[in-house]
1. For region 12-28, which residues satisfy the criterion of being among the polar types (S, T, N, Q) and surrounded by 10 or more Cβ atoms within 10 Å (Cβ to Cβ)?
2. Does ASP31 satisfy the criteria of being assigned to a loop (DSSP other than H, G, I, E, B) and surrounded by 10 or more Cβ atoms within 10 Å (Cβ to Cβ)?
3. For region 51-72, give me each residue that is touching a Lys or Arg at 6+ places or on another chain (Cβ under 8 Å), farther than 18 Å from ASP21 by Cα and either surrounded by 10 or more Cβ atoms within 10 Å (Cβ to Cβ) or acidic (Asp, Glu) (or both).
Amino acid sequence: MLGRTKHLSWGITNSMADTSDLYREKVSDDDDHYELDGEKKKLEVVEYLIKVKDGESIKFKVRLTHRGPLLASEVIKNAKL
């Protein structure tokens, strides 16, 4: 229960919703495409720059499918899927 008065109370029935899913994607050897329903689709690539105070900025790329971002290859290699 979150709160109550003499006449009323209120609360939350589910505050920990499962809102994300993981998918195993087939990525081509050139890292430019992925497979969807037997067809090759181009990966979207977005570049980000993180500015570091008193340090060198960090540049990195995120590869996206229609489902969302791909996890880093290092993460997948160590995952037990």
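1. SER28
2. Numbers: assigned to a loop (DSSP other than H, G, I, E, B): yes; surrounded by 10 or more Cβ atoms within 10 Å (Cβ to Cβ): yes.
So ASP31 fits the description; yes.
3. Initial filter on region 51-72 (touching a Lys or Arg at 6+ places or on another chain (Cβ under 8 Å)): 57, 65-66, 69-70.
After this cut, where a residue has to be farther than 18 Å from ASP21 by Cα as well, the list is 57.
Selection gives nothing.
Computed from the coordinates by the stated procedures, all read-outs in this text should not be read as laboratory data. All of these numbers come straight from a predicted model, not from anything done at the bench. Because the Cβ atoms are built from the backbone with ideal geometry, glycine has one as well, and the counts that use them run over all protein chains shown.
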